[in-house]
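Quick notes on the structure that follows.
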Amino acid sequence: MVAIPQRLFGEALINSARQFPDKAAFISKGEEYSYSSVLKMAENMAAYMTLNGLQRGDRVAIYMHNTWQCAVSIYATSLAGAAFLVINPQTKAPKLEFILNDSGACFLITEAIIQHEWLQVLPQTPAIKGLLISGDITPEFLASGVSPVSFEETVHNHYPGVKLHGAIALDLAALIYTSGSTGFPKGVMMTHQNMVFTSWSLIQYLRLTEDDRIMLLLPLAFDYGLYQLIMSVTLGATLIMELSFTFPASIYKSIEQFKPTVFPGVPTIYAMMIASNKQSGINFPAIEKVTNTAAALPAEFIPELKKVFPNALIFSMYGLTECKRVCYLEPELLDENPNSVGKAIPGTEVYLLTPEGEPVPAGTPGILHVRGPHVMLGYWNREDLSKEMLRPGKLPWERTLCSNDWFIMDEKGLLYFQGRADDIIKSRGEKVSPLEVENVIYKVAGVKEVAVVGAPDVILGEAIIAYVTLHENAVISEKEIMRECVSNLELFMHPKKVIFLDQMPKSTNGKIERKELKVRAASL
């Protein structure tokens, strides 16, 4: 059967269901879900939402764990002509409320097991007009005044005669929320054209095929995790879905049972796997491709990773949510260039400029700029921030992405990451806004000033260090501050250390000298 030329994000599922109807699209909690069944469920959900008021271009928020339900919701939204946004299930109520209101999402698809958070925010999110719940609908929901609909019933019901809204390649396909220097997440706008181009570029350089079995450990709210789903469905491959890497022994059993061929991870995960290998000699010869991004892969990890994955190609990469992926290093060049993140992904271009916009010669530090169809449309509702990142390009009509990150490009055109220009901390593969962590610590009675910085960390990428001063006579322990962070922040945002100071270092105009604190943190 001839496949539809893919122009829209959701068409990948249609094509793969036609070509591989009985093949496992997902393996979730040990159960297989075929491409034909996934497409049918996605179409049913798309029809339900359309029947209940979803319009072309509307936003649908998906607040779920890594499950088949989450994956079906993503494609259902696309088939309905709307844009999806996936929210990390670790997200607490205040940030959840902000994202729902900022996006203007009119449907919320979520899970009963995280009701504590979403029940708090529904009264403050007036745009939500539809609520789909996976799991048992309890009397508590009804008592709260919400009107939930069963996810499981919806995807298995048929809605005849419903005409789904269309879309074109320039329409919004997704909002991917990422932390910002203001302390509030920013919605990165990705069109169908962005996402279709990017998925095929990644598939090309990663040398993926329909026979691959990709393991998903990273949150679908994280673009690195999301694109494992997208690439798998686009090819008609199989995605092995795991909730996280919280319990390594369970993941090792899953690898042995389901035999993935592709393993995407971040340095934190690889550090734990290397430790397991040293302790027990465990290794995974069936895995053929290993990928790393989010934080730089330490050069000292490479020989150890080869013991864990003796038959795998190892891809070192660098990316930004604002364009998904920037560059990659061919595995064959890894031993010779262990600190490089390679060259631009297929179909794109990168170059370095001075802060004044002048080209820099090879071997000289410069700010990385990115050209290509993968560059975002901008930030949702934030034209001011969009102008900071999207600059006039080489051609009169284009806008180029300014990464604000410093790199060196060698004579061979290979890139070497030097440092970040802003204060955003990248820890455990996630972007962390210092201001968001600071705001939580300020809730502790007796805290006078807080400054949160990142410190280089082999495993975490960057460790979160919180410097705190106290009001006179206040007595606060590190445990009290950590307890507040645990209650209000996702795991990856918890400080590694809290350091109490008598006074903060400050500039002549009274601002806290963060650069000095970063120097101190780097020496810990």
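The values are calculated or read from the model by the stated rules, or taken from the named source; none is laboratory data. None of these values were measured; they are calculated from a predicted model. In this analysis, Cβ positions are derived from the backbone assuming ideal geometry, glycine residues included, and neighbour counts consider all displayed protein chains.
Select from the range 200-223 the residues that are in a helix (DSSP H, G or I) and surrounded by fewer than 24 Cβ atoms within 10 Å (Cβ to Cβ) and list them in ascending order.
First pass over the range 200-223, keeping only residues in a helix (DSSP H, G or I): 200-206, 223.
Passing the criteria: Trp200, Ser201, Ile203, Gln204, Tyr205, Leu206.
Given the criteria outside any loop (DSSP other than H, G, I, E, B) and either of a type outside the set (A, V, I, L, M, F, W, C) or under 30 Å from Ile274 (Cβ atoms) (or both), does Glu411 qualify? Give the derivation first.
Working: outside any loop (DSSP other than H, G, I, E, B): no; either of a type outside the set (A, V, I, L, M, F, W, C) or under 30 Å from Ile274 (Cβ atoms) (or both): yes.
Answer is no for this residue.
Confirm whether Ala296 is under 30 Å from Ile99 (Cβ atoms), modelled with pLDDT under 95 and aliphatic (A, V, I, L, M). Break it down stepwise before answering.
Values: under 30 Å from Ile99 (Cβ atoms): yes; modelled with pLDDT under 95: yes; aliphatic (A, V, I, L, M): yes.
Considered against the rule, which asks whether it is under 30 Å from Ile99 (Cβ atoms), modelled with pLDDT under 95 and aliphatic (A, V, I, L, M), Ala296 comes out as yes.
Take the conditions out of contact with any helix residue (DSSP H, G or I) (no Cβ under 9 Å at 6 or more places or on another chain) and under 26 Å from Ser103 (Cα atoms) and apply them to Arg56. Does it pass?
Values: out of contact with any helix residue (DSSP H, G or I) (no Cβ under 9 Å at 6 or more places or on another chain): yes; under 26 Å from Ser103 (Cα atoms): yes.
Against the criterion (out of contact with any helix residue (DSSP H, G or I) (no Cβ under 9 Å at 6 or more places or on another chain) and under 26 Å from Ser103 (Cα atoms)), Arg56 qualifies.
Where in the range 315-402 are there strands (runs of 3 or more DSSP E), lying fully within it, with 1 or more residues that are crowded, with 18+ Cβ neighbours inside 10 Å, among the hydroxyl-bearing types (Ser, Thr, Tyr) and not assigned by TED's automatic domain parsing to the domain that holds Val86? Explain how you work it out, then say what you get.
Numbers: elements: 327-329, 349-353, 366-371, 390-392.
Once the strands (runs of 3 or more DSSP E) in the range 315-402 are filtered for at least 1 residues that are crowded, with 18+ Cβ neighbours inside 10 Å, among the hydroxyl-bearing types (Ser, Thr, Tyr) and not assigned by TED's automatic domain parsing to the domain that holds Val86, what remains is 327-329.
Restricting the search to the range 225-271, which residues are without any contact (Cβ under 8 Å) to a residue 40 or more places away in the chain, surrounded by fewer than 23 Cβ atoms within 10 Å (Cβ to Cβ) and touching a Phe, Trp or Tyr at 6+ places or on another chain (Cβ under 7 Å)?
Within the range 225-271, Ile251 is the sole residue that qualifies.
With closer than 18 Å to Pro123 by Cα and in contact with a strand residue (DSSP E or B) (Cβ under 7 Å, 6 or more places away or on another chain) as the only criterion, which of Cys70, Cys106 stands out? Talk me through it step by step, then tell me what you get.
Working: Cys70 fails: closer than 18 Å to Pro123 by Cα.
Selected residue: Cys106, the only one of Cys70, Cys106 that is closer than 18 Å to Pro123 by Cα and in contact with a strand residue (DSSP E or B) (Cβ under 7 Å, 6 or more places away or on another chain).
Tell me, which residue of the range 464-501 that is surrounded by 21 or more Cβ atoms within 10 Å (Cβ to Cβ) and touching a residue at least 60 places away in the same chain (Cβ under 8 Å) is nearest to Pro94 (Cα to Cα)?
Result: Leu489.
Could you go through the range 20-40 and let me know if any residue there is of a type in the set (Asp, Glu), surrounded by 22 or more Cβ atoms within 10 Å (Cβ to Cβ) and either in contact with a strand residue (DSSP E or B) (Cβ under 7 Å, 6 or more places away or on another chain) or at negative phi (or both). Spell out the reasoning first.
Taking the range 20-40 as the starting set, the residues that turn out to be of a type in the set (Asp, Glu) are 22, 31-32.
Going one step further and asking which of them are surrounded by 22 or more Cβ atoms within 10 Å (Cβ to Cβ), we end up with none.
Within the range 20-40, none of the residues are of a type in the set (Asp, Glu), surrounded by 22 or more Cβ atoms within 10 Å (Cβ to Cβ) and either in contact with a strand residue (DSSP E or B) (Cβ under 7 Å, 6 or more places away or on another chain) or at negative phi (or both).
Here's the yes/no breakdown for (1) at pLDDT 95 or above; (2) more than 23 Å from Leu170 (Cα to Cα); (3) within 20 Å of the chain's Cα centre (by Cα):
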position	(1), (2), (3)
Val86	yes, no, yes
Lys92	no, yes, yes
Ile109	yes, yes, yes
Gln120	no, yes, no
Pro126	no, yes, no
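Listed here are the residues, each with its yes/no results for (1) in contact (Cβ under 8 Å) with a residue 60 or more places away in the chain; (2) closer than 28 Å to Ser340 by Cα.
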residue	(1), (2)
Val370	no, yes
Glu411	no, yes
Gly429	yes, yes
Ser433	yes, yes
Gly446	no, no
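Please give the number of the condition Phe417 fails out of (1) at pLDDT 95 or above; (2) under 26 Å from the mean Cα position of the chain (by Cα).
Phe417 satisfies all of (1) at pLDDT 95 or above; (2) under 26 Å from the mean Cα position of the chain (by Cα) except (1).
Restricting to the range 414-426, name every residue that is out of contact with any Gly (no Cβ under 6 Å at 6 or more places or on another chain), touching a residue at least 24 places away in the same chain (Cβ under 8 Å) and in a strand (DSSP E or B).
Leu415, Tyr416, Phe417, Gln418
Test Glu438 against the criterion of being part of a helix (DSSP H, G or I) and surrounded by fewer than 21 Cβ atoms within 10 Å (Cβ to Cβ), and give yes or no. Reasoning before the result, please.
Numbers: part of a helix (DSSP H, G or I): yes; surrounded by fewer than 21 Cβ atoms within 10 Å (Cβ to Cβ): yes.
Taking the combined requirement at face value, the residue satisfies it.
If a residue must be outside any helix (DSSP H, G or I) and of a type in the set (Lys, Arg), how many such residues does the range 1-56 contain? First the steps, then the outcome.
Keep residues of the range 1-56 that are outside any helix (DSSP H, G or I), which gives 1-10, 20-34, 52-56.
Subset that is of a type in the set (Lys, Arg): 7, 23, 29, 56.
Number of matching residues: 4.
Confirm whether Asn381 is over 24 Å from Gly187 (Cβ atoms) and either in contact (Cβ under 8 Å) with a residue 60 or more places away in the chain or hydrophobic (A, V, I, L, M, F, W, C) (or both). It would help to see each step written out before you state the result.
Working: over 24 Å from Gly187 (Cβ atoms): no; either in contact (Cβ under 8 Å) with a residue 60 or more places away in the chain or hydrophobic (A, V, I, L, M, F, W, C) (or both): yes.
Here the answer is no, as Asn381 does not meet what is asked.
When the residues of the range 170-191 are narrowed to those that are assigned to a strand (DSSP E or B) and polar (S, T, N, Q), which ends up modelled with the lowest pLDDT?
Of the residues in the range 170-191, the ones assigned to a strand (DSSP E or B) are 172-178, 186-191.
From what's left, polar (S, T, N, Q): 178, 191.
Details: Thr178: 88, Thr191: 98.
Among them, the one singled out is Thr178.
Please work out if Leu305 is farther than 19 Å from Gln418 by Cα and in contact with a helix residue (DSSP H, G or I) (Cβ under 8 Å, 6 or more places away or on another chain). Steps first, please.
Values: farther than 19 Å from Gln418 by Cα: yes; in contact with a helix residue (DSSP H, G or I) (Cβ under 8 Å, 6 or more places away or on another chain): yes.
So Leu305 passes the test.
Filter the range 452-462 down to residues that are buried (at least 22 other Cβ atoms within 10 Å of the Cβ) and in contact with a Leu (Cβ under 7 Å, 6 or more places away or on another chain), then give me how many there are.
1
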